[in-house]
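Read-outs: derived from the displayed coordinates by stated rules, not from any lab. Given the structure is predicted, the values throughout are model-derived calculations rather than measurements. Positions of Cβ are generated from backbone atoms using ideal geometry, with glycine treated the same way; all protein chains shown enter the neighbour counts.
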Amino acid sequence: MKIKNNPIYLLILIVISLLFALPLKAQVNIGSDTIPHSFSILELTTSILKGGLRLPQLTTDAISKLNTAGVDAAQGLVVYNMNNNCLEFWNGNTWISLCDNILPTLEVDPASMKFDSNGNITSSATNKVTVTTNQSSWKTSIAYDANGSDWLTLSQSGGSGTSFTVACTVNTSSNAVRTATITVSATGATSQTVTVTQNMDINSIPAGGTSAATNTYIGAFWRASQTGERIIRITGVAAGAWTASVGWYDSRWNVAGGDGIIFSSTGTSDTGVTFDASESPNDAELYPVTNGASTASGTIVGVNTIMFRMGCQKTFAAWNAASNPARYAVVVLSYANNTMFQKIFIRQGEAPDYLPGQSSGKKWSVYNLGNSNDRTQYGNGGFTTYPTQGGYLYQWGYGTNAATDQAPRPYPPTGDASTLTPPWTTGADVLYALGSACPDNYTVPSGFTVPSGGDGDMSYIPVQASTAWGYYADGFFDRRQVVSSPTGVAVSTVSVGDNNIAYQGKLFFNSTTNVSLFMPFPGGRTTGPLSGNGNVGVYWSSTGTIANTTAFDAEDLTINSSNVTTNPVGASRGQAFSVRCVKNN
């Protein structure tokens, strides 16, 4: 028998190793002359002796008295528990039994929640938090930020259940988004958190925001069948952290079922979107917001631009042109370290709807009138393709001969007066020439007409609706470089070189229902040349009036960045302005 396998030799070697190995910081292999592995301090190996390592055997009571709590050096201490016949080790917080074959685990889902000011869930999850742990119980604690306390209620603050629900009180703050952190803990496991954010009362945010940015978006639009990205790019914003999230949904969304608005802070993958002269943007519907979140956020340092994308998770399945024309939501954008706020009004659904604040009367188209001489030009039944597009400009009247002077005369939204087709016409401008301008049918087999003035259709707009002005993300305007209009209004216009030209404009909304309607600023042609485009929108009514003894006028709706007026005196009938049709009920 070899010496190295002699039991007496091995015993002597063990004693010597215990006495001298640690002080000498040597690596030891007991039972073999093989050099230990580089990662080992002590190795026990033998091909002859059959045995194992016998660790200290203690009762549970004795283990509890080892005074390991709070001692960093105790981490990793291993003993054999004689009561449960298991190896246990101290992980720095508790004794872990290896009989369970697993470490303490704890998971919560979701990790964040968002609520509107009324306490309605607006994130993509429900208000239930699922707790998964292999420990016998868990508990919660809540930490509030400086904007309020005790506004959360949990259905269960701890115990052995698998979930708890979160409820919020109404946030009446006019200038604060408040946040709370729910910490969930279980013995021996890493604690988990749920961040809960509740938006401020959106009605307390002024229409134009608490401090309007230089060039800002006030709304976004999708057809009922659309979900693609809308790019929000706002300049002139104060430095600091910013966040965008939905502050309000109407009842036709199903956020808990994955039917809401989602966000992404990353740029579009459409290489044609360059926001410069080289642009060649593709259809927004080719670029949905996938793997999005319930918020977008970032921090502005130096460059004062916010940019994010948002999209609809689903098409508007319940859309009905007559009875369910659109659904609405409001995105709240906070910036300058969440000290400034503005609203972005959301509309999904292209069918005509009542004016904001109305539940009866005429329903207004979301598009301007296109070319009545070629209803196919914009591919939208006679209307423009997008709400921001100005469309064609029409004279209210241009002659006195009933046989020849009552056909609509649409003039293109671009081009010099000398090149107009039809040629610019001036005359006594008495006879109404818009009677057949609006399409006979659109989404439903009901005709459209020009809205009446005076106490009719147009009179409700300045009385019933609140307003904001700026850019509108409709999948066309937001994918292009914003430049000066043909008449020189800076950063107001896109696609200036053709009849798809689109403008900034005015958004009408109701502060209770958040129903919204956008109307661009196409300007007009007063004597043939373009004027005011990018700065003002003038929309004809069907109502004529005599302003004085020498000129025949017609009533109109005039909108710009600061005013909304329905003019009973109106403009000269021979001028060419926009038409926004209303649907007959």
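P(r) tail for segment 103-261: Cα pairs beyond 24 Å make up 45% of the total. Could you name the aspartates and glutamates whose alpha carbon sits less than 17 Å from that of K128, not counting residues in the same chain fewer than 8 places away? Those aspartates and glutamates meeting the cut-off are E107, D109, D116. Normalised by 2.2 N^0.38 Å, where N is the number of residues, the C-alpha radius of gyration of the chain stands at 1.44. For A554, the shell of other residues with beta-carbons less than 13 Å away shows a net charge of -3, using +1 for Lys and Arg and -1 for Asp and Glu. Its Cα centre serving as origin, segment 195-288 has a Cβ charge dipole (Lys and Arg +1, Asp and Glu -1) of approximately 220 debye. Here the relative contact order of the chain, from alpha carbon pairs under 8 Å that lie six or more residues apart, stands at 11 percent. The alpha carbon convex hull volume per residue for segment 49-159 rounds to 173 Å³.
Past 30 Å, Cα to Cα, is the threshold; run K139/K343; K314/K583; K114/K363 against it and keep the listed order.
Correct reply: K139/K343; K114/K363.
If you take the square roots of the eigenvalues of the alpha-carbon gyration tensor of segment 363-583 and sort them as a ≥ b ≥ c, do you get rounded (a/c under 1.5), prolate (a/b over b/c) or oblate? Can you show the working numbers first?
Details: a/c = 1.38, a/b = 1.20, b/c = 1.16.
It is rounded, given that a/c, with a ≥ b ≥ c, falls under 1.5.
Helix 7-24 axis versus longest C-alpha principal axis of the chain: approximately 50°, rounded to the nearest ten.
Taking the Cα centre of segment 106-202 as origin, sum charge times position over the Cβ atoms of Lys and Arg (+1) and Asp and Glu (-1), and report the length of that vector in debye to the nearest 20.
Details: 4 positive and 6 negative charges, 26 e Å.
Using only the charged Cβ atoms, the result is roughly 120 debye.
Ranked by the mean number of other Cβ atoms within 10 Å of their residues, highest first, the peptides 338-348, 481-491 fall in the order 338-348, 481-491. Expressed as a fraction of 2.2 N^0.38 Å, the value expected for a compact globular protein of N residues, the C-alpha radius of gyration of segment 205-350 is 1.05. First check a/c for segment 343-386, with a ≥ b ≥ c the square roots of the eigenvalues of its C-alpha gyration tensor; if it is under 1.5, answer rounded, and if not, answer prolate when a/b is larger than b/c or oblate otherwise. It comes out oblate by the Cα gyration axes. Counting only residues at least eight positions apart within a chain, or on another chain, the aspartates and glutamates with an alpha carbon under 18 Å from that of K65 are E88.
With Cβ to Cβ distances under 13 Å as the rule, what net charge do the other residues near G219 carry (K, R +1; D, E -1)? Provide the component values of the computation, followed by the final result.
Details: positive: R230, K343, R347, K506; negative: D474, D478.
Counting the neighbours of G219, the net charge comes to +2.
Farthest towards the positive end of the charge dipole of the chain, among the residues A407, W90, A241, is the Cα of W90, using unit charges on the Cβ of Lys, Arg, Asp and Glu. Once the chain from S269 to N373 is taken as fully extended at 0.36 nm per residue, the excess over their C-alpha distance is 33.6 nm. Taking the Cα centre of the chain as origin and assigning +1 to Lys and Arg Cβ atoms and -1 to Asp and Glu Cβ atoms, the resulting dipole is close to 1000 debye. Rank F477, S492, P56 by how far each Cα sits towards the positive end of the charge dipole of the chain (+1 on Lys, Arg Cβ; -1 on Asp, Glu Cβ) and give me just the farthest. In the chain, that residue is P56.
Dipole of segment 106-202 computed with +1 at Lys/Arg Cβ and -1 at Asp/Glu Cβ about the Cα centre; of V177, N199, S112, farthest Cα towards the positive end is S112. Here is the short version for the chain: C168, C312 have no other Cys C-beta closer than 4.7 Å. Using the rule -39500 (n - 2.57) for each DSSP H run of four or more residues, divided by the residues of the chain, the 222 nm mean residue ellipticity is -1500 deg cm²/dmol.
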